[in-house]
Amino acid sequence: QVTCIEVVEAYVERIKEVNPLINAVVKDRFDEALQEARQVDKLLSEGPGNDCLEEKFPLLGVPITVKEAFSLYGMPNTSGLVNRRNVIATSDATVVSRLKQAGAIPLGVTNCSELCMWYESSNRVYGRTNNPYDLQRIVGGSSGGEGSVLAAACSVIGVGSDIGGSIRMPAFFNGVFGHKPTTGVVPNDGQFPNAHGVRTSYLCTGPMCRYAEDLEPVLRVMAGPGVSKLKLNEKVSLEKIKFHCMDHDGGSIFVSPVDKEILQAQKKVVEHLENDLGVRVQRVAIHKMKYSFQIWSAMMSSKDSEGQEAQRFTDLLGDHGKPVWPLWELMKWLVGMSSHTLPAIALGLTEKLVNLNLSGKAKLVSMGKSLQEEMEALLGPDGVLLYPSHPTIAPKHHSPICMPFNFAYTAIFNVLGLPVTQCPLGLGSEGLPLGIQLVAAAYNDHLTLAVARYLEKAFGGWVLPGKV
């Protein structure tokens with residue numbers, strides 16, 4: 001009904017309209033995108049039947065945005081690190097290449113936190129990204145630019161990565177869908193920083209979208225030949241899913257209590273599932289979840305099977321150049337002279353502490369492996385767990401520094417290797433998005449995606465900011 005050039009022009013105009021407020025797109029490629037759109041229209045007018053094109057180019061002409069941490073040819077690839085501000089990508093990350101080959105048209109790259117290791121997307125290269133529902137609120141991190149740009153209706157599909165919730169937290173705070181696939185299926189190549197050692201088992205690349213139905217086709221393209229492991233062709237009978245529900249982590253001293261509105265939203269989901277599908281949602285209390293933050297920290301800093309140490313954050317801060325001394329950077333930061341953000345400096349200061357108690361760390365790693373077995377046994381081939389996406393709704397700017405470990409609600413599933421879909425559940429009393437995590441056993445991504453599509457119909461999914 002509309003040409004590709006009309007679609008791309010509409011998204012370009014939308015970005016120009018709202019990006020001065022949200023600062024999500026940090027570098028655009030509008031001219032190239034418009035040229036690619038003209039080529040799509042030419043192909044459609046001259047080429048074979050649409051059925052043939054749909055099979056070959058499933059995302060033909062679809063506007064997308066890409067987290068700046070991923071290589072997109074001709075675009076910056078700094079990950080918010082000042083001493084990389086002149087780095088321009090000379091190739092495409094594997095997932096970006098696959099999306100382009102499927103016909104998608106990148107509009108530009110979006111903001112992230114410094115080195116993708118904090119849950120507010122702010123850095124000394126591009127500044128801070130704002131939440132479209134309330135500009136005084138955070139967008140989450142590290143794929144925060146993607147969450148913001150999608151919520152503001154500036155893009156159709158976002159490319160995100162997730163090692164502690166970096167897809168799911170921004171998707172939650174911005175009221176969109178985000179999927180962290182089962183570990184090891186979607187390639188992570190072509191992003192900076194990339195995972196090394198044991199962390200290769202925890203980092204995931206995945207899709208972020210406004211609409212639940214878009215997650216699966218994008219995931220298929222991103223996964224490429226590995227997609228067969230995810231059982232996406234299996235028909236899901238929602239009535240046969242064994243649903244489990246956990247309201248909170250059990251009361252960790254490191255994490256905020258779960259907001260009442262988030263608990264109420266989760267309760268409504270449980271009631272809807274029981275009344276509409278006739279299923280019984282089993283309440284569970286998994287004791288080890290109380291130690292989510294400690295388990296994630298210990299497993300992230302452990303040695304891999306070959307005895308290789310995890311990469312140090314301070315090495316990444318220096319980007320293989322001069323070493324960064326966190327204490328010195330803190331002194332510089334206090335007088336406004338550091339090129340690093342406070343969360344990055346704090347992480348550099350604290351990473352050594354994890355290795356001070358090696359016997360305690362070994363116990364936590366063992367606890368993580370035991371929790372993984374417990375989760376797999378609970379979920380089995382047909383189980384889905386309902387779990388909060390975060391203990392609070394989108395916090396105000398800077399406030400995460402006062403509650404730095406709240407990301408544990410998402411991070412635990414990275415070290416467990418489980419697929420998780422973050423699903424929006426409308427807006428709360430302050431006009432900010434609510435949501436829920438849907439968790440399944442490894443390689444059962446098809447279950448969480450099916451439940452997300454169902455809940456979107458029941459609870460309305462994405463809501464345009466400013467509509468209420």
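Tabulated data
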| item | result |
| --- | --- |
| Matching residues, the stretch 151-164, being out of contact with any strand residue (DSSP E or B) (no Cβ under 8 Å at 6 or more places or on another chain) and either of a type in the set (Asp, Glu) or crowded, with 23+ Cβ neighbours inside 10 Å (or both) | Ala152, Gly164 |
| Residue selected from the stretch 1-32 under the condition touching a Gly at 6+ places or on another chain (Cβ under 8 Å) and assigned to a helix (DSSP H, G or I), by the criterion farthest from Ser113 (Cα to Cα) | Cys4 |
| Check on Met208, assigned to a strand (DSSP E or B), at pLDDT 95 or above and under 18 Å from Asp162 (Cβ atoms) | yes |
| Yes/no for Lys235 being charged (D, E, K, R), without any contact (Cβ under 8 Å) to a residue 12 or more places away in the chain and open to solvent by 20 Å² or more (accessible area, probe 1.4 Å) | yes |
| The stretch 201-215 residues that are within 15 Å of Asp445 (Cβ to Cβ) and hydrophobic (A, V, I, L, M, F, W, C), paired with ones that are open to solvent by 10 Å² or more (accessible area, probe 1.4 Å) and modelled with pLDDT under 95 (beta carbon under 8 Å, 6 or more apart) | Cys204/Ile163 |
| Where a residue in the stretch 1-28 is at positive phi and its partner, wherever it lies, is open to solvent by less than 60 Å² (accessible area, probe 1.4 Å), with Cβ under 8 Å and at least six apart | Asn23/Asn111; Asn23/Tyr126; Asn23/Gly127; Asn23/Thr129; Asn23/Asn130 |
| Candidates Ser305, Ser301, Ser297, Ser292, filtered to the one that is modelled with pLDDT of 90 or more and within 16 Å of Val415 (Cβ to Cβ) | Ser292 |
| Per-region count, the stretch 397-437, residues modelled with pLDDT under 95, of a type outside the set (A, V, I, L, M), within 15 Å of Ser142 (Cα to Cα) and out of contact with any His (no Cβ under 8 Å at 6 or more places or on another chain) | 4 |
| Residue list for the stretch 171-205, filter: surrounded by fewer than 22 Cβ atoms within 10 Å (Cβ to Cβ), part of a helix (DSSP H, G or I) and on the phi < 0 side of the Ramachandran plot | Val198, Arg199, Thr200, Ser201 |
| Residue list for the stretch 238-274, filter: open to solvent by less than 90 Å² (accessible area, probe 1.4 Å) and part of a helix (DSSP H, G or I) | Leu238, Glu261, Ile262, Leu263, Ala265, Gln266, Val269, Val270, Glu271, His272, Leu273, Glu274 |
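The values are calculated or read from the model by the stated rules, or taken from the named source; none is laboratory data. Every value quoted in this text rests on a predicted model; they were computed, and no experiment measured them. Reconstructed Cβ throughout: ideal geometry from the backbone, glycine too, with neighbour counts over all protein chains shown. Just so you know, the surface numbers come from the protein's heavy atoms only, side chains and all, with ligands and any DNA or RNA stripped out. Shrake-Rupley method; radii C 1.70, N 1.55, O 1.52, S 1.80 Å.
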